[in-house]
Amino acid sequence: MLLDLDALQALDAIDRKGSFARAAEELGRVPSALTYLIRKLEDNLDVLLFDRRGHRAKLTPAGQELLSEGRHLLFAASELQRRVRRVGDGWEVELRIALDTIIRVDALFGLVAEFYAQDPGTRIRLFSEVLSGTWEALVAGRADIAIGTFSTTSGAMASGFQSLPLGELELVFAVAPSHPLATAPEPVTPDVVRRHRAIAVGDSARQMPGVTIGLLGGQDVMTVPSMRDKVAAQVAGLGCGNLPVRDALPHIEAGRLVPRLLAESRAVGTMYYSWNTGGRGKAMRWFLERLARPEVRRTLLS
């Protein structure tokens, strides 16, 4: 190779220390060894890297360009060495966590920050799915942990996966003040609700059968991509449906949504977190240990 890490490391040290002698001292080598490395690099590249006319080793423009890009390579090599050591210690290269859109991604940031503080070397990938799509990400191998799965899709799970309750998500049926159901006599019956468009978050499953929650047979439906969009659509008066209390409450207090009592209501929804039991890495175990803590589960649902 025309380039090697030893030569780039020597180039970096000489530039920082200002001389071959001081750079050699830092690297624990003799000056003649560094001189040989740089000469060989110059011969390989057929360029001069240092202007040797002064007392201080000064990079030529070609040397400055090589060092600027070479420092990126040195950093990448250092990171690679660190990651390889951590993987050898049992930490995964990457941990993928799928969250149903009913779980706010930023609710997990505090936990991720705590994880990063250990300098594990594991990359974290967070992504959102909906309903069966959250299960499917786990079963298809796109995710290692799934947070916010529903009991309605538990039958789709295969062996090799485990689930535990995340908690109860309190729901409220709400509509905009301008919506006809805002003034309908309570409790509102299913027949009355069925006459009005529902807002639903679309199931993101690609292969598994999709599911719907809270929809009535024959009811018109508008499908949106996330829970945040569902809230916005109902605030805009485009339809009705159950919402997590934690998302609806600010709009109810501001008068943008009106809660309605249903004759047949789903007051709470049980949510779960699930994982591939074949994953035995330290990052997986770390997150599962934290998810077992009640305060962490409350944060994710709050």
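The values are calculated or read from the model by the stated rules, or taken from the named source; none is laboratory data. Since the structure is predicted, the reported quantities are computational estimates derived from the model, not experimental observations. Cβ atoms come from the backbone with ideal geometry, glycine included; neighbour counts cover every protein chain shown. With ligands, DNA and RNA removed, areas are computed over all heavy atoms of the protein, side chains included. Shrake-Rupley method; radii C 1.70, N 1.55, O 1.52, S 1.80 Å.
What's the FRET efficiency of SER226 with ARG206 using the Cβ-Cβ distance as r and R₀ = 22 Å, to the nearest 0.05?
With a Förster radius of 22 Å, E is 0.80.
Counting 0.36 nm for each residue step from PHE109 to LEU261 and taking away their Cα separation leaves a gain of 51.2 nm.
Close amide H pairs (under 5 Å, H built 1.01 Å from N) link VAL258 with VAL175, ALA176, residues at least 5 positions away or on another chain. The calculated 222 nm mean residue ellipticity attributable to helices in the chain amounts to -12000 deg cm²/dmol, summing -39500 (n - 2.57) over DSSP H runs of n ≥ 4 and dividing by all residues.
Using C-alpha pairs below 8 Å separated by at least 6 residues, the relative contact order for segment 157-302 is 43 percent.
Could you work out the relative contact order of the chain? I mean the mean sequence separation of Cα pairs under 8 Å and 6+ apart, divided by the number of residues, in percent.
On the way: 495 pairs, mean separation 59.3, N = 302.
Over the chain, the number comes to 20 percent.
For segment 212-302, the gyration tensor built on C-alpha atoms gives a prolate shape. Its axis ratio a/c (a ≥ b ≥ c) is at least 1.5, and a/b is the larger of a/b and b/c.
Suppose R0 equals 45 Å; then what is the FRET efficiency for ALA182 and PHE127 from their Cβ-Cβ distance, rounded to the nearest 0.05? Display every interim value, and only then the final one.
Values: r = 36 Å, r/R0 = 0.80.
Here the calculated transfer efficiency is 0.80.
Taking a straight line from the alpha carbon of LYS17, these lysines sit under 16 Å away, with near neighbours fewer than eight places off in the same chain left out: LYS58.
Tell me the per residue accessible area of the chain using a 1.4 Å probe; a whole number in Å² is fine.
Working: 15810 Å² over 302 residues.
The answer is 52 Å² per residue.
Once the chain from ARG246 to LEU73 is taken as fully extended at 0.36 nm per residue, the excess over their C-alpha distance is 57.6 nm. When nucleic acids and ligands are ignored and a 1.4 Å probe is applied, ILE14 ends up with an accessible area of around 0 Å². Carbon and sulfur together cover what percent of the accessible area of the chain at a 1.4 Å probe radius? Whole-percent figure for carbon plus sulfur exposure: 54.
For the chain, find the longest principal axis of its Cα atoms and tell me its angle to the long axis of helix 31-45, 0 to 90°, nearest 10. It works out to around 70 degrees.
Diffusion coefficient of the chain by Stokes-Einstein, Kirkwood radius over Cα pairs, 4 °C, 1.567 mPa s: 55 µm²/s.
Taking amide H atoms as placed 1.01 Å from N in the peptide plane, the amide H of ASP144 lies under 5 Å from those of ARG96, ILE97, ALA98, each 5 or more residues away in sequence or on another chain. Distance between the C-alpha centers of segment 230-302 and segment 5-60? Whole Å please. Their Cα centres are 59 Å away from one another. 3J(HN,Hα) couplings calculated from phi for segment 100-106 with the Karplus curve 6.51 cos²θ - 1.76 cosθ + 1.60 (θ = phi - 60°) are, in sequence order, 4, 5, 6, 9, 5, 4, 5 Hz; Gly and Pro show x.
Solvent exposure of MET222, expressed as accessible area, is near 70 Å², computed with a probe of 1.4 Å over the protein chains only.
In order along segment 194-206, the Karplus-derived 3J(HN,Hα) couplings, from 6.51 cos²θ - 1.76 cosθ + 1.60 at θ = phi - 60°, round to 4, 6, 10, 4, 9, 9, 10, 8, x, 5, 9, 4, 9 Hz, and Gly and Pro are given as x.
Of the residues ALA113, ALA182, ALA292, the one that moves most in a GNM of the chain with alpha-carbon contacts below 10 Å is ALA113.
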